[in-house]
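Encoded as structure tokens, the structure appears first; notes follow it.
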Amino acid sequence: AKARSDLAIKVAEAAAAAAAAGTALQAARAEVKDLTASLARSEAAAVAAAATQQDSARVVAERSELEVQLGSERAVRVAIEEKIAELSTQVQLAKGAERAAV
């Protein structure tokens with residue numbers, strides 16, 4: 001009877017240990033699942049950051065290109081304004097010469 005009682009205690013202890021191990025295993029699986037989800041979120045954030053960085057680089061490049069175009073357009077405008085001033089001066093001189101000839 002004593003041996004049976006000791007055996008029953010050992011079986012109960014083993015069952016309790018197995019249940020505890022099962023609980024620990026479930027907790028470990030849940031933690032792995034959480035870590036996997038966290039890793040996926042981190043990877044998605046890294047991909048989004050890389051895309052944002054590429055977008056930023058593209059915007060900077062486009063801005064530089066637009067600044068160059070704007071500089072060219074300003075240069076053309078200045079050249080046109082200078083030509084208009086020159087032609088205006090020529091017109092005024094021609095009018096002055098015409099008045100002097102009359």
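Spin-label point model (7 Å from Cα, Cβ direction): what's the LEU39 to GLU81 distance in nm?
Computed distance between label sites LEU39 and GLU81 equals 6.3 nm.
At 0.36 nm per residue, minus the direct Cα-Cα distance, what do SER5 and ARG58 gain on full extension? Give it in nm, one decimal, please.
Residue separation times 0.36 nm, minus the Cα-Cα distance, leaves 11.2 nm.
Can you tell me the dipole magnitude for the chain around its Cα centre, using point charges on the Cβ only (Lys, Arg +1; Asp, Glu -1), in Debye to the nearest 20?
Value, rounded to 20: 560 debye.
Report ³J(HN,Hα) in whole Hz for each residue of the stretch 70-81, in order, from the Karplus equation J = 6.51 cos²θ - 1.76 cosθ + 1.60 where θ = phi - 60°; Gly and Pro get x.
Along the stretch 70-81, the couplings run 5, x, 5, 5, 5, 4, 5, 4, 4, 5, 5, 4 Hz.
What aspartates and glutamates does LYS83 reach when the alpha-carbon gap must be under 20 Å and sequence neighbours fewer than 8 apart in one chain are set aside?
Qualifying aspartates and glutamates at Cα under 20 Å: GLU73.
Could you name the lysines whose alpha carbon sits less than 21 Å from that of LYS2, not counting residues in the same chain fewer than 8 places away?
Cross-link targets: LYS10.
Picking from ALA44, GLN26, ALA101, whose Cα lies most toward the positive end of the charge dipole for the stretch 1-101 (charges on Cβ: Lys, Arg +1; Asp, Glu -1)?
It is GLN26, whose Cα lies furthest towards the positive end.
Rounded to the nearest 500 deg cm²/dmol, what is the calculated helix-only ellipticity per residue at 222 nm for the chain, with -39500 (n - 2.57) per DSSP H run of length n ≥ 4?
-37500 deg cm²/dmol
Name the residue from GLN54, ALA12, GLN90 whose Cα lies farthest towards the positive end of the charge dipole of the chain, charges +1 on Cβ of Lys and Arg and -1 on Cβ of Asp and Glu.
ALA12
Compute the accessible area per residue over the chain, keeping the other protein chains in place, probe 1.4 Å, unit Å².
Dividing the accessible area of the chain by its residue count gives 86 Å².
Out of every Cα pair in the chain, what percent are spaced more than 23 Å from each other?
The proportion of pairs with Cα distances above 23 Å equals 73 percent.
The values are calculated or read from the model by the stated rules, or taken from the named source; none is laboratory data. No experiment lies behind these values; they were computed from the predicted model shown. Don't worry about glycine lacking a Cβ; one is built from the backbone with ideal geometry, like all the others, and counts go over all protein chains shown. Each accessible area value is taken on the protein alone, full model and side chains, heavy atoms only, with ligands, DNA and RNA left out. Shrake-Rupley method; radii C 1.70, N 1.55, O 1.52, S 1.80 Å.
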